[in-house]
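K.L.:
Mind looking over this structure? Questions follow.
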Amino acid sequence: PKREEVTGEVEKRVVAQLLTLMDGLQERGQVVVIGATNRPDAVDPALRRPGRFDREIWINPPDFKGRYEILQIHTRNMPLAPDVDLRKLAEVTHGFSGADLAALAREAAMSALRRAIQSGLIDLNQPSLPPEVFEKIKVTMADFTAALKEIIPSALREIHIEVPHVRWEDIGGLENVKQELREAVEWPLKYPDRFKKFGLRPPKGLLLFGPPGTGKTLLAKAVATESGANFIAVRGPEIFSKWVGESEKMVREIFRKARMAAPCVVFIDEIDALATARGIGVDSLVSERVVAQLLAEMDGIKALENVVVIAATNRPDLVDPALLRPGRFDRIIYVPPPDFKARLEILLIHTRATPLAKDVDLEELARRTEGYSGADLELLVREATFLALREDINAKEVSMRHFEEALKKVRPSVTQDMLKFYESWLEKARQLTVATKAKAAPPLYL
């Protein structure tokens, strides 16, 4: 370890002895020393120079070709069903190390064995099993799919969260926003050759802003499910710590893990709490240092490749302006309250599992819910269902009068003042971007 950071004298003497033996007065002969670590920064710097450890070899997590070969090795003696597609498995295992892939193959085999035991093909009470029994067991693609839910990439185990499986069809309306998210996250993964051919660099960051309840967080969940990329969720306020330097270290660690597990989506919810505009706070300047760290990570000297940052806020005016320029949050996307068509889609989604009476007219409800957000419409359906059950716990369906009663209770949360505020802020942000580009452009000589 680093001698200046350890308190014991034994460690210092061991490091000094190792330095002397590797490159001291006495030749070490034909001896090659190979060291291995996953914490190179914790090694004493005197060892990391020519004459001692001459070469430093960084072993990356395997790419698609490497993952495919590793899966072939670990399934070499495994009885695979014809539907198993190792190439597809290699495509969806972004950020998996060799050990993770070995665990994936082992878990899939265990799943096949469990299925054989449950079906009665294997009787655990028998002292021994004939070989023909094992010949009947095949590991299927369904076993690998089930194993994928259990195995988490090693680099993300500390910060892994279970993301609900939300599909694009679970979100009503917002077609333009969905398309922009597809272009930013899904296209670079699915069509990397097209991006390379056109010299196109995928956007680094997207800022989703709009009134509360319009589906910003839901869109991020759908991106995580649909793209198949690794997903890191950061709740803005949880970054802050009372210890000096810990908050910046946490931001640094999140981006380090995202680089290791690339392609990766980093989702920062309530970014206004994390990246408040500098110069207006009266605290101990922790928030300013966190913003500076975030700026450096997103567009600093160290490249951020195959990592997309998606942030969500309903107070865009509080976000530091330095984040809102190209190269950091390349795209600023307004998530508006749903229009008539979107409201109808949202009502259809939320009443999918609700038995409705014949007199329920969802189009009429969509027409009467002007100014309602997606969350308001979900609450409306839930309130109408509760009213039906309150009337009769054995009720078989929800009728229109229950929705009429619910409309009196659930009021729209989006006001005209809020819409004017968001639209005016978006206009200011566009003008700021244009002014920044014009300022950065070289002078023209006529």
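K.L.:
Assess whether residue 303 counts as being surrounded by fewer than 17 Cβ atoms within 10 Å (Cβ to Cβ), of a type in the set (A, V, I, L, M, F, W, C), in the same structural domain as residue 173 (by TED's automatic domain parsing) and in a helix (DSSP H, G or I).
P.N.:
Numbers: surrounded by fewer than 17 Cβ atoms within 10 Å (Cβ to Cβ): yes; of a type in the set (A, V, I, L, M, F, W, C): yes; in the same structural domain as residue 173 (by TED's automatic domain parsing): yes; in a helix (DSSP H, G or I): no.
Criteria not met by residue 303.
K.L.:
Among the listed residues 395, 388, identify the single one that is assigned to a helix (DSSP H, G or I), more than 37 Å from the chain's Cα centre (by Cα) and over 17 Å from residue 346 (Cα atoms). Outline the logic, then answer.
P.N.:
On the way: 395 fails: assigned to a helix (DSSP H, G or I).
The match here is 388.
K.L.:
Being in contact with a Pro (Cβ under 7 Å, 6 or more places away or on another chain) and of a type in the set (D, E, K, R) is the filter here; which residues of the stretch 35-55 pass it?
P.N.:
Matches in the stretch 35-55: 44 only.
K.L.:
Just give me the residues in the stretch 62-102 being among the acidic types (Asp, Glu) and more than 21 Å from residue 112 (Cβ to Cβ), in sequence order.
P.N.:
Of all residues in the stretch 62-102, those among the acidic types (Asp, Glu) come to 63, 69, 83, 85, 91, 100.
Correct list: 63, 69, 91.
K.L.:
Of the residues 148, 101, 71, which is under 29 Å from the mean Cα position of the chain (by Cα), surrounded by 12 or more Cβ atoms within 10 Å (Cβ to Cβ), within 30 Å of residue 259 (Cβ to Cβ) and at pLDDT below 90?
P.N.:
So the residue among 148, 101, 71 that is under 29 Å from the mean Cα position of the chain (by Cα), surrounded by 12 or more Cβ atoms within 10 Å (Cβ to Cβ), within 30 Å of residue 259 (Cβ to Cβ) and at pLDDT below 90 is 148.
The values are calculated or read from the model by the stated rules, or taken from the named source; none is laboratory data. Given the structure is predicted, the values throughout are model-derived calculations rather than measurements. Here the Cβ is made from the backbone with ideal geometry for all residues, glycine too, and neighbour counts use every protein chain on show.
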